[in-house]
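The values are calculated or read from the model by the stated rules, or taken from the named source; none is laboratory data. A quick note: this is a predicted structure, and the numbers were derived from the prediction, not measured. Note that we place each Cβ from the backbone using ideal geometry, even for glycine, and neighbour counts take in every protein chain shown. Side chains included, ligands, DNA and RNA excluded: accessible areas come from the protein's heavy atoms. Shrake-Rupley method; radii C 1.70, N 1.55, O 1.52, S 1.80 Å.
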Amino acid sequence: ACRYEEVALEDDLSKFLRDLEDTKQTIVTPIELYNLAIWAVNDLVSDVLQMSQNGCKPLTRVIYKKTKGNILFTLKCIESLFDKKILVPGDDGQWKWNRRDLHAWGDNVNNVTDLVRHKIEQLSSEDQMVLTIA
C-alpha cells in the first residue's frame, strides 16, 4: 500500500510495480482510499473499544486532529495508545484514558512514520538487524 503522490518514479516500489506490469504481465490496479470523516473515525473507535459513540468522542477528537482521517494512521494511533498504556481497561470493563497523558501523546506524534519508527526502536537489536536485511 502506498500513496502514489508520495512515491517517486525512481523509488524501489515504483520500479517493482512497473516490473510487475512489464515483465510479469500483471495488471496493477490502484485503489484510491479517501480520508475518513470524523464521524467515521468515531464509529471505528467505538467499534474497536466496544464503547458508545458519545463515550469515545473525546478520544476520537485527539486521534482525528492528528490523523485527519487517514485510516492507517488512525489504526496505528489506536495501537500506540494501547502499547503506551494510555488507553487501558478500567475496573468496570470500559476503556479509560487520562486526558493529560492523551494530549501529551498527541503532542509527540506527528505522522505514521513516527509511530512505526518508535515501534521498531522497541525491538531487540537482533530483530532490528533482520529488518535492515529484509
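Close amide H pairs (under 5 Å, H built 1.01 Å from N) link residue 87 with 82, residues at least 5 positions away or on another chain.
Heavy-atom accessible surface of the chain, averaged per residue, reaches 73 Å², computed with a 1.4 Å probe.
Where the alpha-carbon atoms of region 93-134 are placed on the principal axes, they occupy 40, 27, 13 Å, in descending order.
Relative contact order (percent) for the chain, with alpha-carbon contacts under 8 angstrom and 6 or more residues of separation? Write out the running numbers ahead of the final one.
On the way: 86 pairs, mean separation 21.9, N = 134.
About 16 percent, as a whole number.
What the phi angles of region 114-131 give under the Karplus curve with 6.51, -1.76 and 1.60, with θ = phi - 60°, is a coupling list of 4, 5, 5, 4, 4, 5, 5, 5, 7, 6, 5, 4, 5, 5, 5, 4, 4, 5 Hz, glycine and proline written as x.
Summing Cβ point charges (Lys, Arg +1; Asp, Glu -1) relative to the Cα centre of the chain gives a dipole of roughly 700 debye. Note that region 34-41 has calculated 3J(HN,Hα) couplings of 9, 5, 7, 6, 4, 5, 6, 5 Hz, one per residue in order, obtained from phi through the Karplus relation 6.51 cos²θ - 1.76 cosθ + 1.60 (θ = phi - 60°); glycine and proline are x. Computed from the Kirkwood radius of its Cα pairs, the Stokes-Einstein diffusion coefficient for the chain at 20 °C and 1.002 mPa s stands at 124 µm²/s. I'd like the orientation of helix 12-23 relative to the chain: the angle between its Cα long axis and the longest Cα principal axis, in ° from 0 to 90, rounded to 10. Helix 12-23 sits roughly 50 degrees off the main axis of the chain. Amide H contacts for residue 95 (H built 1.01 Å from N in the peptide plane; partners 5 or more residues away or on another chain; cut-off under 5 Å): 90. Our coupling estimate for region 84-91, obtained by passing each phi through the Karplus curve with A = 6.51, B = -1.76, C = 1.60 and θ = phi - 60°, is 7, 6, 7, 9, 10, x, x, 4 Hz, Gly and Pro reported as x.
For region 38-95, the extents of the C-alpha atoms along the principal axes are 32, 24, 15 Å, listed from largest to smallest.
Counting only protein heavy atoms, what percent of the accessible surface of the chain is carbon or sulfur at a 1.4 Å probe? In the chain, the share of accessible area belonging to carbon and sulfur is 54 percent. For residue 85, a cut-off of 22 angstrom between C-alpha atoms picks up these lysines, skipping any fewer than 8 places away in its own chain: 57, 65, 66, 76, 96, 119.
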